[in-house]
Every structure is written in structure tokens, then in C-alpha cells.
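Data block below; observations after.
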Amino acid sequence: MNDDEEAIRAHSYLWNQMFNFMSSMSLKCAIQLGIPDAIHDRGRPITLSELASALSIHDARLGFLGRLMRVLVHTGLIAVEDDPSFPQESRYALTPASRHLLSCSALNLSPLVLFVLNPAFMESFHCLSEWLRCPPGTGAATPFATNHGMSLWEYMRQDPGLRNAMKEGLGADAPWVGRMMLEKCEGVFDGVKTLVDVGGGAGELSRIVADEFPLMDCIVMDLPHVVSESSTRSKNGNLRFVAGDMFEAVPSADAVLLKWILHDWSDEECVKILKRCREAVSSNGRVGKVILIEEVMRPEDETEHDQTSLGRTIFTDFLMMVSVTGKERNEKEWARLFADTGFVDYRITPLIGSRSLIQVYI
Ligand SMILES: C[S@@+](CC[C@H](N)C(=O)[O-])C[C@H]1O[C@@H](n2cnc3c(N)ncnc32)[C@H](O)[C@@H]1O
Ligand SMILES: O=c1cc(-c2ccc(O)cc2)oc2c(O)c(O)ccc12
């Protein structure tokens, strides 16, 4: 490769990196407009004018919509099919990726996309360099707090929109996690008469467990402003919500469930939470366990291009650094946390890629 060719390649790489945010933004716009659902509802590939009419977009904006569609085709979210009988008009079709944005999809990722791409997180990335430059002992705990003057949790208390987006975004995988938990972790709820889902949000995962085990008493514990908005019901009435602070106390139970909780917190904070969980499952003579749904980062997540996790865990770890005080952890880091809290053993069951269920024993 000569110098000119190398410079062209280098520039092209940089242009792509610079414009990467437009892939995310056009994805968000496609979800907000309901483009995947409109294509799906038509039952066949859709023309631009049909799409505009399905989305209630005025004819005067047809050209703009066409340019958005060109970006979505370019990024691979939408496919374009040319029908020989209508050579003038392209028809847009779903791809495997956009099928997972459909509201009828069991694995609908749209709520998580809308949550992650909310302005409160995105603005915080502008404060990353300022935050990194802070001398030790100065500055806010996170770039989010540098930007907003408060932690994500304080921000959530006063922003019902973001609170709801978090509930919907992180709760969306509950049907899938629930199914995996029951299929891949046989016996995980054997002997569990009382379960507490700590930081359980809307209680979607607990509802699935409660419906599967009608005799189990399922308690979702979350902060007061979250619980006061929760109305999820189980078929058998064995699901209830309690307000509490996991740093203070966790209700006594045979098992404590934490899904996407500990990755929000630093090691020191996790030890405090796990101590409260340990007390909950060992109180009143119980010999219970703690069940975590978390990423267990594997060596290959940091090196190889594995479609199931690569990038995802590196990026969720980065998001945890920017938005909260947490991080994604590998097995050694998890084992150290459990030992530091006085747990004697643990068992990891991979659910998909690095997303795992960890049973921690007292
Ligand atoms: C990342 S979300 C996970 C929600 C849910 N487990 C899920 O997977 O959908 C974290 C949850 O922890 C809750 N939370 C934060 N601080 C808490 C505290 N001190 N005590 C109890 N819950 C807390 C939040 O309100 C939020 O619902
Ligand atoms: O934006 C996120 C994403 C996650 C998340 C969801 C699913 C995974 O497999 C890994 C990470 O978790 C988050 C979270 O806990 C939080 O407090 C804010 C944002 C996100």
C-alpha cells in the first residue's frame, strides 16, 4: 500500500468513526417513528409512499424520509428489494436485526435502545475527558454526575420519564431471562418458599417466577418512588411490592434475586449490598442463597469478535463507568466479591454468551 492509499484508508476509518453516532440516532428515530412495525404490518415489502402514509408523514417530507431510509439501508437495519414489476420504486423490508425491534417480538430490543440512547446518558459522555482529568479526591463520582450535578439514582427520582424508560428497557428481557432460568438452571428454585427480587423494578421477572411457582411468596423490593408506580400482578396473587433501600436491609427470604443490579455499583458498594442479602437469606435459621443475573466477562469478550457478546460487554462496562459507579466483572472479580462478603461457594450457569445466572451460597 502506498502512502496515498494508506491516507485514504485512514481517513475513511476516521470519517466512519466520526459519523458512527448517526447509526445510533437513525436507529432511535426508526424506533420512535415505528418503521419496523409499519413494514411488518404491511405484510410485504413496503414502498416509500406507503411507509409515509403508514407513519402519518406528510407527502412534503417524503424526500426526507427517503434519505433516512437510505441511511437505515446503509447501516444494514433495513433491506431494500427491487421489484422487477415496479422498477421505479424501491421496497423496504425487515432484516433479522429489525425484526427484533418489532413490538410483537418476544426479544424486542426497542425499549432498551430508547433507554440507552436517552439524552441524559448521551450528554454525560461529553463530560468524560473532564471527569478523567480530575485529580484524585476531587470531582464527581461519574461523568453523569459531572454533567447533571447528581447521581443517576437521584436524577431518576425526579425524572419519571427516565425512570419509566429504565423499567421498560431493562425489564424487556424478563420473558427471555425467565425462560432461560427455568430451562437451563434446573432446580434453581427448589425449596424456595419466599423470594425477594432486590431492585426488581416493575417486577416483570418476579411475575414470571410467581406464575410458575404459585405457592412461592414473591416480593419485589425497590426504592419508594419506583414501588409506588408498580402495578404488576401475578395470576395467583403471590407477588407483592415493598419499598426499601438495599443498603439498609433486605427482607428475610429463602432466596434473594438481583438482576442487573451489582454491575451498577463499585466493589465496595457491592460488598455492602451483598452483606444485606446474606443477612436476609441466613436470618431466622435459614440456609438460603443469592441469585444474580449478570454478565460474567470472558477473556474472549475483550479480544475476539464474538457476535454474542463482543463489544456488548465492553460497551456496557463503559456505560456503567459513565453513568453509574459500577462495572462488568469477570469470574475472578465476582469470586473475590463473594469471598469478601463471607459467601462460601458459587455456581455460574451461562444463559447466553456472557449473560449468566450465578447462585451464591452461604
Ligand atoms: C438497572 S435497574 C434493574 C431493574 C430490574 N432488576 C431489571 O432487571 O429490570 C436497577 C434497579 O435498582 C433500583 N435501586 C437503585 N438503588 C436502590 C436501592 N438503594 N435500594 C433498592 N433498589 C434500588 C432502581 O430503582 C432500579 O429499579
Ligand atoms: O443501558 C444499560 C444497559 C444495561 C444492561 C442491560 C443488559 C445487559 O445484558 C447488560 C447491561 O444495564 C444498565 C444499567 O444497569 C443501568 O443502571 C443503566 C443503564 C444500563
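The values are calculated or read from the model by the stated rules, or taken from the named source; none is laboratory data. What you see is a predicted model; the values in this text were computed from it and never measured. Cβ sites come from the backbone with ideal geometry, for glycine too, and all protein chains shown count toward neighbours. What goes into the accessible areas is simple: the full protein's heavy atoms, side chains included, and nothing from ligands, DNA or RNA. Shrake-Rupley method; radii C 1.70, N 1.55, O 1.52, S 1.80 Å.
Numbers for the structure displayed
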| read-out | value |
| --- | --- |
| Helices (runs of 4 or more DSSP H) within segment 235-346 that include 1 or more residues more than 16 Å from ligand 2 (Cβ to nearest atom) and not hydroxyl-bearing (Ser, Thr, Tyr) | 267-282, 331-341 |
| Residue satisfying condition, being out of contact with any helix residue (DSSP H, G or I) (no Cβ under 8 Å at 6 or more places or on another chain) and either polar (S, T, N, Q) or touching a residue at least 40 places away in the same chain (Cβ under 8 Å) (or both), within set Ser124, Ser103, Ser129, Ser90 | Ser129 |
| All positions within segment 115-128 that are under 16 Å from Arg312 (Cα atoms) and in a helix (DSSP H, G or I) | Phe115, Val116 |
| Residues of segment 210-220 satisfying the condition of being in a helix (DSSP H, G or I) and touching a strand residue (DSSP E or B) at 6+ places or on another chain (Cβ under 6 Å) | Ala210 |
| Of all residues making up segment 137-157, the number that are among the hydroxyl-bearing types (Ser, Thr, Tyr), over 22 Å from the mean Cα position of the chain (by Cα) and either part of a loop (DSSP other than H, G, I, E, B) or over 14 Å from Thr325 (Cβ atoms) (or both) | 1 |
| Subset tally (residues that are open to solvent by 30 Å² or more (accessible area, probe 1.4 Å) and more than 12 Å from ligand 1 (Cβ to nearest atom)) for segment 255-270 | 2 |
| Filter result for the condition that a residue is open to solvent by 20 Å² or more (accessible area, probe 1.4 Å) and either polar (S, T, N, Q) or within 28 Å of Asp159 (Cα to Cα) (or both), over Leu27, Leu62 | Leu27 |
| Any hit, segment 225-244, residues being in the same structural domain as Ser323 (by TED's automatic domain parsing), in contact with a Phe, Trp or Tyr (Cβ under 9 Å, 6 or more places away or on another chain), surrounded by fewer than 19 Cβ atoms within 10 Å (Cβ to Cβ) and under 28 Å from Glu333 (Cβ atoms) | no |
| Filter result (open to solvent by less than 10 Å² (accessible area, probe 1.4 Å), at pLDDT 95 or above and of a type in the set (Ser, Thr, Tyr)) within segment 342-362 | Ser356 |
| Test for Asp197: is it assigned by TED's automatic domain parsing to the domain that holds Ile348, without any contact (Cβ under 8 Å) to a residue 60 or more places away in the chain and either within 19 Å of Lys289 (Cα to Cα) or part of a helix (DSSP H, G or I) (or both) | no |
| Single residue of Gly76, Gly66 found to be modelled with pLDDT of 95 or more and under 17 Å from Ala38 (Cα atoms) | Gly66 |
| Selection within segment 127-142 - open to solvent by 30 Å² or more (accessible area, probe 1.4 Å) and closer than 23 Å to Arg163 by Cβ | Ala140, Ala141 |
| Residue match in segment 179-193 (condition: of a type in the set (D, E, K, R) and within 12 Å of ligand 1 (Cβ to nearest atom)) | no |
| Candidates Ala106, Ala97 - the one that is out of contact with any Leu (no Cβ under 8 Å at 6 or more places or on another chain) and among the small types (Gly, Ala, Ser) | Ala106 |
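Quick grid of which residues meet (1) assigned to a loop (DSSP other than H, G, I, E, B); (2) touching a residue at least 40 places away in the same chain (Cβ under 8 Å); (3) buried (at least 18 other Cβ atoms within 10 Å of the Cβ); (4) within 16 Å of ligand 2 (Cβ to nearest atom):
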position	(1), (2), (3), (4)
Arg163	no, yes, yes, yes
Gly169	no, yes, yes, yes
Pro175	no, yes, no, yes
Leu182	no, no, no, no
Phe189	yes, yes, yes, no
Val192	yes, yes, yes, no
Ala202	yes, no, yes, yes
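Residues checked against (1) touching a Lys or Arg at 6+ places or on another chain (Cβ under 6 Å); (2) closer than 20 Å to Lys193 by Cβ; (3) without any contact (Cβ under 8 Å) to a residue 12 or more places away in the chain:
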site	(1), (2), (3)
Pro251	no, yes, no
Ile261	no, no, no
Glu268	no, no, yes
Leu274	no, no, no
